[in-house]
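Accompanying notes for the structure given below.
The values are calculated or read from the model by the stated rules, or taken from the named source; none is laboratory data. A quick note: this is a predicted structure, and the numbers were derived from the prediction, not measured. Here the Cβ positions follow ideal geometry from the backbone for every residue, glycine too, while neighbour counts run over all protein chains shown.
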Amino acid sequence: SYRKGGYHAVRLADQFAGGRYIAQRKLGWGQFSTVWLAYDTNTSSYVALKIQKSAAQFVQAALHEIDVLSSIADSDPTNSKFVIQLIDHFKHTGPNGQHLCMVLEFLGDSLLRLIRYNRYKGLPLNKVREICKYVLTGLDYLHSELGIIHTDLKPENILLCSTIDLAKDPCRSGISPILERPEGNPNGAVTSLIEKRLKRRARRAVAKISGRRSSVGGIVEAAKTGRNIDGIDVRCKIVDFGNACWADKQFAEEIQTRQYRAPEVILKAGYSFSTDMWSFACIAFELATGDMLFTPKGGQGFSEDEDHLALMMELLGKMPRKIAIGGAQSKDYFDRHGDLKRIRRLKFWPLDKLLIDRYKFSVNDAQEFAEFLLPLLDFAPEKRPTARECLQHPWLNCKESTPNEIRNESSVEKVGVGMSNLKIRVGK
Ligand code: ADP
Ligand code: MG
């Protein structure tokens with residue numbers, strides 16, 4: 001991918017935007033870009049530098065993302081809405097072409113890593129509540145103030161804030177940024193030994209400010225104390241607006257990552273803000289249990305979409321006929337009575353029962369959590385609560401719940417499988 005139209009190769013201490021930003025270390029990459037920790041010499045702080053591939057379609061995608069991120073930043077000057085902030089953007093020309101670059105605030109690791117780090121056991125419910133409040137606050141801002149639908153909410157796209165204070169004040173953290181490459185080579189290249197040493201230093205620096213390396217961002221301490229995540233600051237922000245759209249200006253019919261996809265998207269019945277609320281409920285369940293809520297798989301005689309619809313109905317009850325037959329894709333999956341054509345036998349397993357039987361929730365915890373989630377998983381999108389309404393839900397403010405150590409002691413040994421794996425599905 002490091003060829004014409006592809007990624008831009010970055011070396012340590014490379015300069016960007018006329019020397020303002022200095023590359024420190026690679027933080028991650030996606031299909032479209034590589035992301036670097038960079039030092040901003042203007043503000044003396046660390047930032048995340050996202051460098052897009054240079055081919056036309058990637059430039060197009062980056063322009064769209066910058067457009068969305070700019071409107072997010074413009075309406076949130078104090079950066080208090082729990083959504084990623086765009087700091088700057090510019091073009092950078094390299095051997096592979098011209099790359100659009102986005103400068104973003106530097107954040108910690110994703111909720112996906114937090115879940116993994118906790119060995120897929122599920123987080124304590126009080127942590128789940130905290131995370132939910134931040135995500136809902138971010139969603140309410142996007143939906144009600146900006147009219148933006150994220151369309152790809154999932155644990156990977158929510159990043160912990162835990163590095164941010166240190167990143168703002170590198171002096172206090174005792175880490176000095178690497179500002180230039182050592183001299184001595186006429187080509188500007190450095191010997192591999194120096195390169196290695198510099199890289200090691202950069203890695204140590206990032207590990208120090210972010211807790212990256214062997215653990216989740218900013219929670220090195222937690223790692224030392226036996227994977228106890230109680231001490232983690234769980235403020236988090238919504239990121240990745242590459243697929244976002246405006247409610248009145250949509251681009252794609254097929255949106256969302258499979259497991260977080262709402263029924264109206266599968267049925268091609270149109271979507272709006274409420275489609276993010278469905279994904280949000282899936283995320284909340286995953287945080288609390290360590291398992292994805294729906295993990296559909298195609299099988300003999302039925303497709304992944306059909307399994308997905310069946311799983312939804314097994315958990316939530318039969319889809320109302322009007323909704324089942326109401327989408328452009330409905331005829332492929334449902335007969336005119338609103339029954340699945342190729343999956344005839346459903347095994348109902350309601351949410352509160354699932355939480356008790358499989359995840360060893362107390363009856364009380366299970367009922368309260370289910371009461372919070374079920375309205376968000378309404379088959380009728382317009383009946384789902386908005387992010388703002390959801391923020392008022394009593395579950396978010398209740399204190400008592402069974403500590404999850406107790407839950408997990410008795411819980412079954414999990415091997416990372418969703419509930420769908422427990423059933424044998426037979427197509428017609
Ligand atoms: P793409 O659009 O190419 O998928 P992403 O925006 O998802 O790129 O970023 C790729 C990876 O870079 C992320 O998974 C994450 O690990 C890292 N990353 C992105 N933004 C930040 C940030 N603001 N702070 C820290 N790491 C980030
Ligand atoms: Mg991505």
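Points worth noting:
- Cross-chain or 6+ apart pairs with Cβ under 6 Å, segment 72-91 first and under 19 Å from residue 40 (Cβ atoms) and at pLDDT below 95, then among the polar types (S, T, N, Q) and not in a strand (DSSP E or B): 79/85
So that you can scan it fast, the table gives a plain yes or no per residue for (1) away from ligand 2 (no atom under 16 Å from the Cβ); (2) within 29 Å of residue 114 (Cα to Cα); (3) modelled with pLDDT of 95 or more; (4) buried (at least 22 other Cβ atoms within 10 Å of the Cβ):
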| site | (1), (2), (3), (4) |
| --- | --- |
| 259 | no, yes, yes, no |
| 265 | yes, yes, yes, yes |
| 270 | yes, no, yes, no |
| 275 | yes, yes, yes, yes |
| 279 | no, yes, yes, yes |
| 285 | yes, yes, yes, yes |
| 296 | yes, yes, yes, yes |
| 300 | yes, no, no, no |
| 306 | yes, no, yes, yes |
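- Filter result for the condition that a residue is farther than 20 Å from residue 244 by Cβ, at pLDDT below 95, within 16 Å of ligand 2 (Cβ to nearest atom) and out of contact with any Lys or Arg (no Cβ under 9 Å at 6 or more places or on another chain), over 26, 4: 26
- Note on segment 112-213: enclosed helices (runs of 4 or more DSSP H) holding 1 or more residues that are touching a helix residue (DSSP H, G or I) at 6+ places or on another chain (Cβ under 8 Å), away from ligand 1 (no atom under 16 Å from the Cβ) and modelled with pLDDT of 70 or more are 125-140.
- Any chance residue 226 is over 25 Å from residue 121 (Cα atoms) and at pLDDT below 95: no
- Subset of segment 75-96 (residues that are more than 19 Å from residue 242 (Cβ to Cβ) and more than 16 Å from ligand 1 (Cβ to nearest atom)): 75, 77, 78, 80, 93, 94, 95
- Condition met for residue 291 (in a loop (DSSP other than H, G, I, E, B), under 20 Å from the mean Cα position of the chain (by Cα) and under 28 Å from residue 76 (Cα atoms)): no
- Residue within segment 361-370 that is acidic (Asp, Glu), over 16 Å from residue 427 (Cα atoms) and in contact (Cβ under 8 Å) with a residue 24 or more places away in the chain present: yes
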